[in-house]
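The values are calculated or read from the model by the stated rules, or taken from the named source; none is laboratory data. For clarity, every value in this text was computed on a predicted model and none was experimentally measured. All Cβ positions, glycine included, derive from the backbone under ideal geometry; neighbour counts span all protein chains shown. Areas reflect the complete protein model, heavy atoms only, side chains present, ligands, DNA and RNA absent. Shrake-Rupley method; radii C 1.70, N 1.55, O 1.52, S 1.80 Å.
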Amino acid sequence: MKIWRKMLTVGLSASLTFALAACGSGPDEVKGDDNGKKITLTYARGKDQTGATTKLIKAFEKEHPNIRVKFKEMPSDTGVSHDQYVTMFSGGSGEIDIFDLDVIWPAEFAQAGYLEPLDRYIQRDRIELDNYVEGAVDAGNYNGQQWAMPKFMDAGLLYYRTDLVKKAPKTWDEMMEQAKEQKGKNGAKYGYLFQGKQYEGLVCNFVEFIGSYGGQVLDEQGKVAINSPETVKGLKKMTELAGSDLVPGNVTAITEIETDAIYGEGQAVFDRQWPYHYTKMNEEGSKVKGKVAVAPLPAGDKGSAAALGGWVSGINKNSKHKKEAWEFIKFMTGPEGQKISAIDGGLAPTYIPLFEDDEVKKASPLFKDKNYVEGLKSAVSRPVSPEYPKISDIIQVEVSKTLAGKQTPEAAVKSMEKKLQEVVK
Ligand code: GLC
């Protein structure tokens, strides 16, 4: 990918400029429509738990008086949003102009032809992709083409209550011990919360548990590698926690939304969440305001592993306003837009210079922490494949069955291997 990026900024520049000039179809300056009327764009993203999107849109509209942006809020569950997008785009809908894609979607959406390729826009506006975190740029790249711009990065984190925990635990066992000790104090009914529902968040938690014991879904060559003693160990630890009295009895119904609600009520000692949770927990009305700290997720015997999440922004291939849509993406994923997302939304920037910005550094302790920023680079990706939804479904079903005690971790891992081999050839 690195090589590709270089080609994009250096080698391809001459030929692309020529090709665009020759066919006259390059992205032009935005001038509004022919009657000088305002153009309205529709921007879709999952439910915003903060006010950042509205603020971002206002700031953009102020700089672009000829463009209005309508915000279409999609469901908070990434899998449910995914299916709604697929229904719309496969039917050729142009209702949405711009949308945020979970990092697990670009390969599939690019291959299905739902996205406008962005290289020529990036080229024309001389966007320096080297200023962005590499993993986040790669998430929007498929087959050498950039299909989406990196908006923010997610990585799983351990949150703990500073009124209960003196020192962040280093391992799963230490965490469980401390959770047991502190449970019941200061309103903390539960020791630990994680996302155990059968949905994409479960896959992220699974990847973290197995990663911390050295297990993986696919190996570096993209071959199924899930059936290993390391994966079994990780899934065993996950199952042990899910079956313990440290977590709520309905842990298999918990997503990020419930985690925010329960932790925000001060009902748990620890939880596993993404970076925005820090901002959310320190909002007015949160019972843990000023009492939350963040640490790397607990380690298994191979260290700590965080799942790489995050969102990139792309243009619907059937949008009628691609030039204006690009202007919005450029703003939203550029320094100004990402600064708003970081400060008001608690979202970790992908635009590297922002980690040196004083206001961003003040917004969350994460953003001024060199270890965190470095940690983002080594977070574990979920498989990159146009078949990702099938891969995810297999993991979701088998892990859920295991957490519900309907099969052993060993049986789950064998079954996942067999099913995954039918999808990943
Ligand atoms: C967050 C992550 C995303 C992940 C999802 C799972 O939104 O950014 O990558 O798939 O959570 O719930």
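Quick notes on this structure:
- TYR199 touching a Lys or Arg at 6+ places or on another chain (Cβ under 8 Å) and either at pLDDT 95 or above or within 16 Å of the ligand (Cβ to nearest atom) (or both): no
Quick grid of which residues meet (1) over 19 Å from the mean Cα position of the chain (by Cα); (2) part of a helix (DSSP H, G or I); (3) not small (Gly, Ala, Ser):
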| site | (1), (2), (3) |
| --- | --- |
| GLY314 | no, no, no |
| GLU327 | yes, yes, yes |
| PHE331 | yes, yes, yes |
| GLU336 | yes, yes, yes |
| PRO353 | yes, yes, yes |
| PHE367 | no, yes, yes |
| TYR372 | no, yes, yes |
| PRO386 | no, no, yes |
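- Restricting VAL413, VAL360 to residues that are open to solvent by less than 20 Å² (accessible area, probe 1.4 Å), farther than 19 Å from LEU118 by Cα, of a type in the set (Val, Ile, Thr) and in the same structural domain as PRO275 (by TED's automatic domain parsing) narrows the list to VAL413.
Residue-by-condition table, conditions (1) under 30 Å from PHE60 (Cα atoms); (2) surrounded by fewer than 16 Cβ atoms within 10 Å (Cβ to Cβ):
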| site | (1), (2) |
| --- | --- |
| ALA342 | yes, no |
| PRO349 | yes, no |
| GLY405 | no, yes |
| VAL423 | no, no |
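- Residue within region 170-192 that is within 16 Å of the ligand (Cβ to nearest atom), surrounded by 19 or more Cβ atoms within 10 Å (Cβ to Cβ) and modelled with pLDDT of 95 or more present: no
- Residues of region 159-169 classified as more than 16 Å from the ligand (Cβ to nearest atom) and either within 30 Å of GLY140 (Cα to Cα) or in contact with a helix residue (DSSP H, G or I) (Cβ under 7 Å, 6 or more places away or on another chain) (or both), total: 3
- Scope region 153-167; condition touching a residue at least 12 places away in the same chain (Cβ under 8 Å) and either more than 20 Å from PRO275 (Cα to Cα) or open to solvent by 20 Å² or more (accessible area, probe 1.4 Å) (or both); matching residues: TYR160, THR162, ASP163, LEU164
- Qualifying residue in region 50-59 (condition: within 16 Å of the ligand (Cβ to nearest atom), open to solvent by less than 70 Å² (accessible area, probe 1.4 Å) and touching a helix residue (DSSP H, G or I) at 6+ places or on another chain (Cβ under 6 Å)): yes
- Counted residues, region 267-295 - those being open to solvent by 40 Å² or more (accessible area, probe 1.4 Å) and farther than 19 Å from LEU347 by Cβ: 7
- Residue list for region 239-253, restricted to those being in contact with a helix residue (DSSP H, G or I) (Cβ under 8 Å, 6 or more places away or on another chain) and within 16 Å of the ligand (Cβ to nearest atom): VAL251, THR252
- Some residue of region 311-319 being within 15 Å of the ligand (Cβ to nearest atom), closer than 30 Å to GLY214 by Cα and surrounded by 21 or more Cβ atoms within 10 Å (Cβ to Cβ): yes
- Residue within region 27-44 that is within 16 Å of the ligand (Cβ to nearest atom) and either buried (at least 16 other Cβ atoms within 10 Å of the Cβ) or at pLDDT below 50 (or both) present: yes
- Qualifying positions in region 214-235 - of a type in the set (Ser, Thr, Tyr) and surrounded by fewer than 24 Cβ atoms within 10 Å (Cβ to Cβ): SER228
- Filter pass, ALA379 being hydrophobic (A, V, I, L, M, F, W, C) and more than 19 Å from LYS62 (Cβ to Cβ): yes
- Boolean, TRP326 is within 16 Å of the ligand (Cβ to nearest atom), among the hydrophobic types (A, V, I, L, M, F, W, C) and in contact (Cβ under 8 Å) with a residue 60 or more places away in the chain: no
- Whichever residue in region 255-279 is among the polar types (S, T, N, Q) and at pLDDT 95 or above and, among such residues, is nearest to the ligand (Cβ to nearest atom): THR255
- Residue among ILE67, ILE104 that is among the β-branched types (Val, Ile, Thr), in contact with a His (Cβ under 9 Å, 6 or more places away or on another chain), closer than 23 Å to ALA307 by Cβ and at pLDDT 95 or above: ILE104
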